[in-house]
1. How many residues does the stretch B:66-120 contain that are closer than 13 Å to residue B:33 by Cα and part of a loop (DSSP other than H, G, I, E, B)?
2. So which of A:102, A:25 is touching a helix residue (DSSP H, G or I) at 6+ places or on another chain (Cβ under 9 Å), closer than 25 Å to residue A:225 by Cβ and surrounded by 17 or more Cβ atoms within 10 Å (Cβ to Cβ)?
3. Going through the stretch B:153-166 one residue at a time, which ones are surrounded by fewer than 24 Cβ atoms within 10 Å (Cβ to Cβ) and touching a residue at least 40 places away in the same chain (Cβ under 8 Å)?
4. Out of the residues in the stretch C:98-151 meeting the condition of being touching a residue at least 40 places away in the same chain (Cβ under 8 Å) and in a loop (DSSP other than H, G, I, E, B), tell me which one is nearest to the chain's Cα centre (by Cα).
5. Among the residues that make up the stretch A:82-91, is at least one of them assigned by TED's automatic domain parsing to the domain that holds residue A:69 and part of a helix (DSSP H, G or I)?
6. Which of the numbered conditions does residue B:170 fail, given that it passes all the others? Conditions: (1) surrounded by 24 or more Cβ atoms within 10 Å (Cβ to Cβ); (2) within 28 Å of residue B:44 (Cβ to Cβ).
7. With C:180, C:158 as the choices, which residue is touching a residue at least 24 places away in the same chain (Cβ under 8 Å), surrounded by fewer than 21 Cβ atoms within 10 Å (Cβ to Cβ) and over 19 Å from residue A:90 (Cβ atoms)?
8. Among the residues of the stretch A:305-318, are any over 30 Å from the mean Cα position of the chain (by Cα), assigned to a strand (DSSP E or B) and assigned by TED's automatic domain parsing to the domain that holds residue A:281?
């Protein structure tokens, strides 16, 4: 049952592709909300985006935005893409190579009745607003990956759209640039009043940017909820794999990371410096009834907040000072008999560090 | 095989040059270059000659006399040349390409050709000055075109042609198809075609085209070539030419 | 040739390449050797040459314009729309490339001549006639030249990533704006090459022109026609006009350097 919204995006999309693949997904994005569509390659994420944008026709379904019907197969209504007032950042950015940065932005500003001349003038202002005016006369081939992504975002927002669609906005960037751009993107997203739909296959991006996560696998939605929901109750193996991963942000120096837990985490990378993103797989976390001995450099005392067994596995949530999700065998959990206080150990080598 | 015939065989089969006999053993092969207006007559003559003399195969290549002349001067391997006017033959003789003195074997004159039914109502040479009609001549550089202009000059008419066709067959085809209202072509062309009618030109304006024929000096088979020329001039040959509308001397 | 840096080709390849070069160079050298250099000025300024040059330039440019106006939409339809019988239509469009030009000219007559399928009713109704007129030359030239442009532009459209046009559409461009601002500029170099090829083909066209439009100095006699007729009598004019054609063709090829094949 989908709540009827007079604002935001509501889309039920059914698209059949030639190879027998069928996308049948329903998605709701309220205003001022970032929904992340997460899924493996080939799940149909890009198809979903192009269908909402209108570039791919629906076989069945209905799309409304801000109360306007954009597409209704049954009723025979279809609004052409240019009139849907959607701002999109495409996979591979797709800046028009024969236009300058200013020309690209001006292209989007032409939506409506503005003349070419006025669009060009407005493009200059818009680029200044983004701090990109120094790039205005360059062609896309001369831009770095990060600069191209920023221009793509500026172009998407230039038309003052009702919906923001971002298809893998960070995938074209190298790892070092990603963190910086992600923070910048988060800022722009927060400033956009309408609904925002972001596509990615990277769980870190999803968890850091999403208000809600929708998991798409093989053309169908397998989970929809908050990131925490997903982390706690993954419904499929894929979801479990990416969802359970613990994500922490912190500041690194000389092999130690401050994650705001009151104690630093030891990592295996002595060179990392500055803002970092840490991921800890649930299976890399061990839980003990008494202080453990041995190699793990990260040991601390905490308490079990909740636990669930599902078949052979138990997912255990531990709480302050550092909330994490751990996965141990159901048998081990029963043996431990832990209901309250416990000790947690994580090897430094098991903590993955990325620049954040 | 000795080297020379072997080389010739290889070159001939590889390049399929005209004038290459099949190994040189199956029979003689005579290549005749004839003016376009002789197309039908020479087809008949070749057939009759081969029937009478099975050991010789005759191939006739027709075109504008001037074009054929140029090809001969550039070394085309023709054995016999039959031109639609004396001027082209004279150039061949002057270049030393004639094996003997040319002989006139047929005569032709011009008529006005109109499409069957004469849709434009052409009556005579005077119509060639009417701009609203579609008139065709041969290009001035070919015999038919040269003669046509002589006829019109003799009649004191300044023509308004819409095209100068490169050869008389092309001109005739356009008249047959009704794309042109009238043109000046040979009498024999009109006789050969069922889709055009002829309108006579007053004798005092008309020209007489003389067709000379000669065996070429560069011929590799002068005897066979000579036999063909002799046939053209024989009683049988003359009968065939007359049947096609030529007059014979 | 097997490494990453271009170096001298193997001997056999060089030999074959030189042979190919000789095939093209020898006729040109022959032509230059026979050129009456002392007379060339007077020949090129004589009425036959000036008429032929003027008609050739005007009709070839007009034919190139027609080829562009009709060829780009044709290429678009063939590249972008999957309809039943598409291969057949493409074959039809490319037919003039393989048809002997004289046959093409004859076919044009049977369609647009005075007794032609379309020509006859038009003539009876309006008195307008294509054969024996400059426009007839344009039609004959466009007939043989357009396929070159269609082939070039269709290939370019196929190689164009359709996502750019989709992006242009989503970002607010209507179909015409996307075509004008995205598609055309992105295939620009190929369109340019196609137009140049079509123009060069039209400039050199002979068989279809003489069969359909006829041959009249000052009205329908293009340079190739003038050369053909002149060859039988006035050698010098023929050679001089041939040289002009060769010079123009060489200029086209020089302009069509590697640069033109760059795509976005």
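The values are calculated or read from the model by the stated rules, or taken from the named source; none is laboratory data. What you see is a predicted model, and the numbers here were worked out from it, not measured in a lab. Positions of Cβ are generated from backbone atoms using ideal geometry, with glycine treated the same way; all protein chains shown enter the neighbour counts.
1. Matching residues across the stretch B:66-120 total 7.
2. From the options A:102, A:25, the qualifying one is A:25.
3. B:154, B:155
4. Out of the qualifying residues, it is C:100.
5. Yes.
6. Tallying (1) surrounded by 24 or more Cβ atoms within 10 Å (Cβ to Cβ); (2) within 28 Å of residue B:44 (Cβ to Cβ), residue B:170 fails exactly one: (1).
7. Answer to the selection: C:158.
8. Looking for residues that are over 30 Å from the mean Cα position of the chain (by Cα), assigned to a strand (DSSP E or B) and assigned by TED's automatic domain parsing to the domain that holds residue A:281, one finds none in the stretch A:305-318, hence no.
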